[in-house]
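First the structure, in the form of structure tokens, and then the observations on it.
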């Protein structure tokens, strides 16, 4: 007998709600039969189950057959949907008619609130910017000599680093030159070989 376990669902990251439902209905394990699944058909996400619990060929077959079932469902339900939409049309129009005046009043009141909010915000923003200018100037005043001192102290260290680095880089390039030339040669040969096969 084939079964699905709660651990299988959790391992495959089923959502918490479906795991809780499974546990409430079946405990830790459920025997899988067509009748058992049909009995809870509306409660579980069978597409998720098929995708995560079936091997790839069977998942593809599930999708193929499910598409046909969905098409038939839509075909049979189309007249019901059309009748629903026919009956809803006047209800929707009446709803829109009644809401239009309410919406206009809402927009009128909201506009006044928004204008007042923008007015007050502009005042606060102006004051914020005014205070920030002074703070920024003071920050820059104190920072500038620190930065100048830092650069002054770093300058001889940087010069010494550069003095020692330059000959090392030259030696590195000298040693790499034949390797780079060979790499470029092989790359060119590889391109030509493959291109000739096209």
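Each value in this text was obtained by applying a stated rule to the coordinates, not by laboratory testing. This structure is a prediction, so every number in the text was calculated from the model and none was measured. Neighbour counts run over all protein chains shown; Cβ positions are idealised from the backbone, glycine included.
Worth pointing out:
- The chain: most fluctuating residue of 28, 120, 109 per GNM, C-alpha cutoff 10 Å: 28
- Spatial separation of Cα centroids for the stretch 16-31 and the stretch 33-109, in angstrom: 25 Å
- Highest-MSF residue in the chain out of 66, 121, 12 [GNM, Cα springs under 10 Å]: 12
- For the stretch 79-122: Kirkwood Rh in Å [reciprocal of mean 1/r, alpha carbons]: 13.0 Å
- Candidates 95, 161, 139, ranked by Gaussian network fluctuation over the chain, Cα under 10 Å, top entry: 161
- Inter-label distance, residue 163 to residue 128: 5.2 nm, where each label sits 7 Å from its Cα along the C-beta direction.
- The chain: proportion of alpha-carbon pairs further apart than 26 angstrom, %: 77 percent
- For residue 117 and residue 58, the difference between the fully extended length at 0.36 nm per residue and the C-alpha to C-alpha distance is 15.3 nm.
- Förster radius 25 Å - calculated FRET efficiency between residue 19 and residue 69 (Cβ-Cβ, nearest 0.05): 0.45
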